[in-house]
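Reviewing the structure listed below.
The values are calculated or read from the model by the stated rules, or taken from the named source; none is laboratory data. Because the structure is a prediction, the values reported are computed rather than measured. When we count neighbours, we look across all protein chains shown, and the Cβ atoms used for this are built from the backbone with ideal geometry, even at glycine. Only protein heavy atoms, including side chains, enter the accessible area calculation; ligands, DNA and RNA are left aside. Shrake-Rupley method; radii C 1.70, N 1.55, O 1.52, S 1.80 Å.
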Amino acid sequence: MCGIIGSVRRRPAPTEALGLDTLCHRGPDAQTSAWVGGAHLGHARLSIIDLTSGGQPMSDVHGLTTIVFNGEIYNHLELRRELEARGQVFATRSDTEVILAAYLAWGVAGFARLRGMFAFALHDRRDGNTVIARDPFGIKPLFWTRGRDGSVYFASEVGALLELSGVSTDLDLSSVLETLTSRHPSGLNTLYEHVKRVEPGTALVVAPQADAVIHVRFGSVAEEVERRRLEGVGNVTPGEVRERVLDSVEHHTLADVPLGCFLSGGLDSSVVAQALASRGGEPLNAYAVGFEGASSEASELPYARLVADALGVRLHPVTLGAADFAALAPRLSGSLNGPFSEPADIAMLKLSLRAAQDVKVVLSGEGGDEAFGGYPKYAVDGFARPLGPAMRLGHRWLGRRGRLGIAADALSEPDRAARWMRWFANDDAPRALVGALVGAGARPERALGWVEDRLSAYPPGWSDLQRMQVLDLEAWLPNNLLHRGDYTTMQASIEQRVPLLDRCLTPWAVALPARVKIQRLRGKMPLRQAFGDRLPKAVLERPKSGFRLPLGEWMTGDPALRSMTRDLLLSPGARLRAWLSPGELEALLAPAALAQTGGAKLAWTAVCLELWLQAVRARVAA
């Protein structure tokens, strides 16, 4: 795991500074840059594989290509053997050099053979092109833009990109609106009008002097799911599921540094922990979070301890409190990369800071719900047609309070695309702010249009369950969960790996029939059956649980957190005053509002948004 940044300039700029200091948290071990032809390539390194000779920018032995790379290639040893048989010579043990060799052997199409997570920029001296690519799941972030002079810039983080000269900080108000209502910008959009994400599974081929940018698709989760489905995936045995999961976890352990895992006590993280622990050797380090003042039902720790005791792993509990929100929120949201308004992000950052004391790599269970059908919505969405009228009545009474209210809200929507957006919708956005953004030009229909376009592109033979799963793999994961996970772990300079998101495992799991994945309204049955005899019964029977903590109580009762929130939102210079009146901001912090779960999240969303807006103002003024 590292950070990359660079440019392909319209005109030579030998004195250009890439600002690698903005990525030091991603790569504290070394920061290096080099001009290669017309490309300026910068790299901040977190050393994981080949600690002595894996420095970057790296060139192949013939000096034809040079790369800066963020990520890991888990099948690089297999590819190395195949390439050596073709006569390729290597100078290092690094997986980075294998990418160069694969490109020389097979071109951009060779990127489809990489099993791993990656974002890289590669300059080809033979034709002068610079190739910028991102893995098919979008596990590794990569952003790009054209500067005011037509130059192309790219970086692992938006904040680093915006610090470069000539890059616009104009806001995309539709993306701000989508972040508030859908929890992430739609498609390839970001919070900034001129900055886009590199599409997962896509390479941007940038011509010399940035004269043209050609988008080349080399990998698609949807296409791989369809290939697996056409192969006729049917009933599977627990042994086959376990073998596939163990194979992915084993590949994801490739490292020359210590590794551990995050353990929530949920099924996915417990499966990963069990697979890791079964390898033997030194006891595994696992990290779990609990909350000050929270009941045992709201804490992950009791379940995490059950799993740790059963597996014999060394559990490191971390307790989260009000002081952490006051201390860590400015670090997460008070930058050009923000806002990060999910309370879970604060927990992830504190957990990552603790893990960094022992390890450089952590494995997590991210992607298990999307791969194996774990979200409750997957099990009940099929009832939308027969229960729709009743759900519309229920929604009028319940709103979106609790799980039943969320289900009633979603199932009352007859349009499939709109309904699938409602499941993960965020009703904690200040309504006055939403209205003000729309009045200022934000387009609320844009996200729905993107979802409708994706659904129309899926093969007609897919079940609705498979469509929902792939939609989440293409949107919810790369634009929300993976983006947040990457940023929070990288703030602590550790690498997060996600073995349940794997080229050889995930498309196969999605292609399984619905009856295999969901039974009696319970999802992830293949995982439950494959690991049921190896995990505590309480974990297997534990219902899907959200991230619940006493945020409102903390915002009301903790002096430091209360002072921070009031100073931010009630200051005469608050940026949110462009859209909300002082009275509306004051109402967000009323004790009666904070006593409600939705009210507390609404206020916290406003706090994080204000922190980000102040960072944007500071950048514009610089």
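Label separation (Leu51 vs Arg81): 2.6 nm, computed from points 7 Å beyond Cα along the C-beta direction.
Between rounded, prolate and oblate, where does the stretch 1-157 land on the alpha carbon gyration tensor, with a ≥ b ≥ c its root eigenvalues, rounded for a/c under 1.5, else prolate if a/b exceeds b/c? It comes out prolate by the Cα gyration axes. Extension gain for the segment Glu292 to Phe90, taken as residue separation times 0.36 nm less the Cα-Cα distance, is 67.5 nm to one decimal. Could you tell me the center-to-center distance, by alpha carbons, between the stretch 215-265 and the stretch 560-598 in angstrom? Their Cα centres are 44 Å away from one another.
Cβ-Cβ distance of Ala618 and Thr237, R₀ of 60 Å, FRET efficiency by 1/(1 + (r/R0)^6): the value works out to about 0.55.
Applying the criteria of a DSSP loop state and at most 12 other Cβ atoms within 10 Å to the GluC sites (Glu not before Pro) of the stretch 272-348 yields no site.
If the chain linking Ala578 and Arg314 were pulled fully straight, counting 0.36 nm for each residue of separation and taking away their Cα-Cα distance, it would gain 90.1 nm.
Which value in nm describes the separation of the simple spin-label points at Leu448 and Leu64, placed 7 Å from the Cα toward the beta carbon? Using points 7 Å along Cα→Cβ, the separation is 5.2 nm. Within the accessible area of the chain, what % is carbon and sulfur when the probe is 1.4 Å and the other protein chains stay in place? Carbon and sulfur together cover 53 percent of it. The residues of the stretch 516-588 have, on average, 51 Å² of accessible surface per residue, using a 1.4 Å probe with all protein chains present.
Note on the stretch 248-301: with charges restricted to the Cβ of Lys and Arg (+1) and Asp and Glu (-1), its dipole about the Cα centre is near 120 debye.
Taking a ≥ b ≥ c as the square roots of the Cα gyration tensor eigenvalues, with a/c under 1.5 meaning rounded and otherwise prolate when a/b beats b/c, else oblate, which class fits the stretch 231-367? Since a/c reaches 1.5 and a/b is larger than b/c, the shape of the stretch 231-367 is classed as prolate. Per-residue ellipticity at 222 nm computed for the chain from its helices equals -12500 deg cm²/dmol, with DSSP H segments shorter than 4 residues left out and the rest contributing -39,500 (n - 2.57). Database remark: amide H of Met117 closer than 5 angstrom to the amide H of Glu72, Tyr74 (H placed geometrically; neighbours at sequence offset of 5 or more, or on other chains; Pro and chain starts carry no H).
Placing a label point 7 Å from the Cα of Arg385 along the Cα-to-Cβ direction, the residues of the stretch 461-489 whose backbone N falls under 12 Å of that point are 464. Taken over the Cα atoms of the stretch 458-588, the convex hull encloses 225 Å³ per residue. The mean accessible area for residues of the stretch 197-331, using a 1.4 Å probe and ignoring ligands and nucleic acids, is 41 Å² per residue.
Rounded, prolate or oblate: pick one for the stretch 564-622, where a ≥ b ≥ c are the square roots of the eigenvalues of its C-alpha gyration tensor, a/c under 1.5 means rounded, and failing that, prolate if a/b is larger than b/c, else oblate. Prolate, since a/c reaches 1.5 and a/b exceeds b/c. Of all complete DSSP H helices in the chain, those with a Cα span along the helix axis of 24 Å or greater and a mean Kyte-Doolittle hydropathy of 0.0 or more are 597-621. For Ala595 and Arg11, the FRET efficiency from 1/(1 + (r/R0)^6), where r spans their Cβ atoms and R0 equals 60 Å, is about 0.55. The distance separating the Cα centre of the stretch 8-65 from that of the stretch 438-498 comes to 30 Å.
Between Thr253 and Ala356, the contour length at 0.36 nm per residue exceeds the alpha carbon distance by 35.4 nm. Loop-located trypsin sites (Lys or Arg not before Pro) in the stretch 101-163 (DSSP state not H, G, I, E or B) with no more than 13 neighbouring Cβ atoms inside 10 Å: Arg126, Arg148. Note on Val216 and Leu521: their simple-model spin labels are 5.1 nm apart, each label 7 Å out from Cα toward Cβ.
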